[in-house]
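Please read the structure below before turning to the comments.
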Amino acid sequence: MAAMNDWRTTAFEAERRRLTRLAYRMMGSLTEAEDVVQDTWLRWVGAESVVDSPPAYLTRIVTRLCIDRRRSARARRETYVGPWLPDPLVGSVELDETVADDVTVTLMLALERLSPLERAAFLLHDVFDVPLTEVATTLGREPAAVRQLAARARKHVQSARPRFDVEPADADRISRAFFAAARDGDVAALSALLASNVEIHTDGGGKVLAFRNVIRGIERALRLFARQRRKHAVPPTLLRVATIDGLPGYVSLDGGGMLQTTALDIREDGIAAIYIVKNPDKLSHLAAETDFQKRISPIPPA
């Protein structure tokens with residue numbers, strides 16, 4: 001029995017990071033992803049039958065648990081206060097640094113509009129490269145039906161803004177420039193950085209002060225940043241320039257010392273979207289991982 005448990009533990013730990021990454025992409029919440037993986041572990045150690053392919057078996061458990069949770073999560077999203085954004089994954093906090101994908105904040109928001117089955121089919125087949133027949137087994141559908149699910153999801157996701165690759169040096173420069181311009185309320189600098197149709201999404205979750213609606217258009221954005229600079233005597237503090245859910249951005253403290261992340265969707269014509277997460281529930285993993293307030297000194301501008 002001990003040897004069997006040791007084998008199960010080894011097999012599970014070999015897949016843990018991939019399973020957590022899949023669960024996060026399904027749920028958009030790191031806490032929920034970790035809960036799903038823990039529930040998967042309990043089912044795994046309690047399985048009585050011999051498992052031919054532990055990775056496939058564990059993937060099926062995670063996916064099915066996530067589908068069940070997403071059905072209840074949809075109701076919670078409808079009552080969420082203000083814009084909803086996924087938990088930010090920042091730099092070294094990434095779930096799996098060895099495996100990159102193209103699922104950014106923008107695409108995660110597009111995934112939110114899919115049904116749980118469509119989301120699972122797309123992620124398993126298009127992002128995690130699971131064979132179609134195996135996806136069909138996981139979802140309990142015929143391969144032809146799964147192919148249709150994945151195709152519908154793919155079409156919807158592709159209608160969202162496609163990923164625009166930015167060189168690391170440019171990402172760092174633009175992120176720093178935007179932070180400085182927003183901090184100073186520098187309308188001229190912001191005008192040069194922002195796209196005309198820029199959007200600002202701020203997720204406070206009703207826990208902290210944040211915009212209840214998405215801010216759209218450069219004129220409204222410029223007025224917003226100018227007003228914020230006049231209102232706050234203490235400027236925000238830049239802690240770290242980073243990659244956040246696949247997009248350039250930074251981690252900072254606002255004027256009140258509250259941790260927040262800002263991700264920038266940079267396009268040819270400028271910054272097209274700004275995603276700010278202020279909800280402390282979504283930043284707890286980041287605060288615990290890095291203890292920003294106590295151990296990281298503010299970094300000077302480049």
- Query: When the dipole is taken about the Cα centre of the chain, and only Lys, Arg (+1) and Asp, Glu (-1) are charged at their Cβ, what size is it in debye, to the nearest 20?
  - Reply: 1220
- Task: Kyte-Doolittle cut-off -1.0, length cut-off 27 Å along the helix's own axis using Cα: show which whole DSSP H helices in the chain pass.
- Result: 2-27, 54-78
- Item | Dipole of the chain, positive end: most advanced residue of THR133, GLY91, ASN197 [Cβ charges, Cα centre] | ASN197
- Item | Hydrodynamic radius of the chain per Kirkwood, over alpha carbon pairs, in Å | 20.6
- Item | Contact order relative to length of the range 185-291, as percent, for alpha carbon pairs under 8 angstrom and 6 or more apart | 29
- Query: How many nm is it between the label spots at GLU268 and GLN148, if each spot is 7 Å from the Cα in line with the beta carbon?
  - Reply: 3.7
- Note on the structure: Between ARG212 and ARG77, Cβ-based FRET efficiency (R0 22 Å, step 0.05) works out to 0.90
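Every read-out reported here was derived from the displayed coordinates using simple, explicitly stated rules and does not represent laboratory data. The structure presented is a predicted model; accordingly, all values stated were derived computationally and were not measured. Positions of Cβ are generated from backbone atoms using ideal geometry, with glycine treated the same way; all protein chains shown enter the neighbour counts.
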